[in-house]
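The values are calculated or read from the model by the stated rules, or taken from the named source; none is laboratory data. Keep in mind that this is a model prediction, so the values were computed, not measured. So basically every Cβ, Gly included, is an ideal-geometry build from the backbone, and we count neighbours across all protein chains shown.
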Amino acid sequence: MIRNERGQVLAFFAVLLPIVLLPLAAYAIDAAFVTTRAAGLQEAVAQAAEAAAQQVDISALRSGSGLVIDASSARAVATQAIGASDPGASVESVVVVGDVVTVTAGEVVRLPFNFLPVPAVRLDARASARLVPGYDNPSSRLPLPTRTF
């Protein structure tokens, strides 16, 4: 090794770090943050759609019309569920068609490092759930008690 070539790696990293690696790390953190928030929003919307689909119209059920979703109650429950799960999200629509509820919500997410040319990203999520007749029953695989102690 020639004496005047010592320290070249240090100079290389001193140039490489701020020009390439730090912006790449900032982009990776921004992308991971947005992906995590998008997954959280999708989960909140799916839970809200399931909760909204469980809102049975009692008057229609008592009159013999069968299982029908109460649209106003479904909208209220979906809005409340999204507000509890993801306070930054806003409900755009709750559509009830027959026995299917579709919930659409959006959220504006501010980027932590603001590396991209935009300071915030808009996320949208949509989920549907269907009202299905049935009931929860205990598993038939468990043995029933034959006597009490």
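Right, residue 103: in a strand (DSSP E or B), surrounded by 18 or more Cβ atoms within 10 Å (Cβ to Cβ) and either at pLDDT below 95 or in contact with a strand residue (DSSP E or B) (Cβ under 9 Å, 6 or more places away or on another chain) (or both) or not? Before the answer, list the steps.
Numbers: in a strand (DSSP E or B): yes; surrounded by 18 or more Cβ atoms within 10 Å (Cβ to Cβ): yes; either at pLDDT below 95 or in contact with a strand residue (DSSP E or B) (Cβ under 9 Å, 6 or more places away or on another chain) (or both): yes.
Spelling it out, residue 103 is indeed in a strand (DSSP E or B), surrounded by 18 or more Cβ atoms within 10 Å (Cβ to Cβ) and either at pLDDT below 95 or in contact with a strand residue (DSSP E or B) (Cβ under 9 Å, 6 or more places away or on another chain) (or both).
With respect to residue 121, determine if the residue is touching a Ser or Thr at 6+ places or on another chain (Cβ under 7 Å) and either over 23 Å from residue 39 (Cβ atoms) or modelled with pLDDT under 95 (or both).
no
Might you check whether a residue that is free of Cβ contacts under 8 Å to residues at least 60 places away in the same chain, at positive phi and not aliphatic (A, V, I, L, M) occurs anywhere in the range 128-138? Give the derivation first.
So in the range 128-138, the residues free of Cβ contacts under 8 Å to residues at least 60 places away in the same chain come out as 132, 134-138.
Narrowing the set further to residues that are at positive phi leaves 134.
Still in the running and not aliphatic (A, V, I, L, M): 134.
Yes, because at least one residue in the range 128-138 is free of Cβ contacts under 8 Å to residues at least 60 places away in the same chain, at positive phi and not aliphatic (A, V, I, L, M).
Can you tell me which condition residue 48 does not meet? The list is (1) exposed (fewer than 12 other Cβ atoms within 10 Å of the Cβ); (2) modelled with pLDDT of 95 or more, and all the others hold.
Every listed condition holds for residue 48 apart from (1).
Where the second residue is β-branched (Val, Ile, Thr) and at pLDDT 95 or above and the first is over 8 Å from residue 103 (Cβ atoms) and lies in the range 38-53, which pairs have Cβ atoms under 7 Å and are six or more apart or on separate chains?
44/82; 51/77; 53/101
Please determine, by comparing only the residues of the range 59-100 that are among the small types (Gly, Ala, Ser) and assigned to a strand (DSSP E or B), which one is surrounded by the most Cβ atoms within 10 Å (Cβ to Cβ).
The selected residue is 90.
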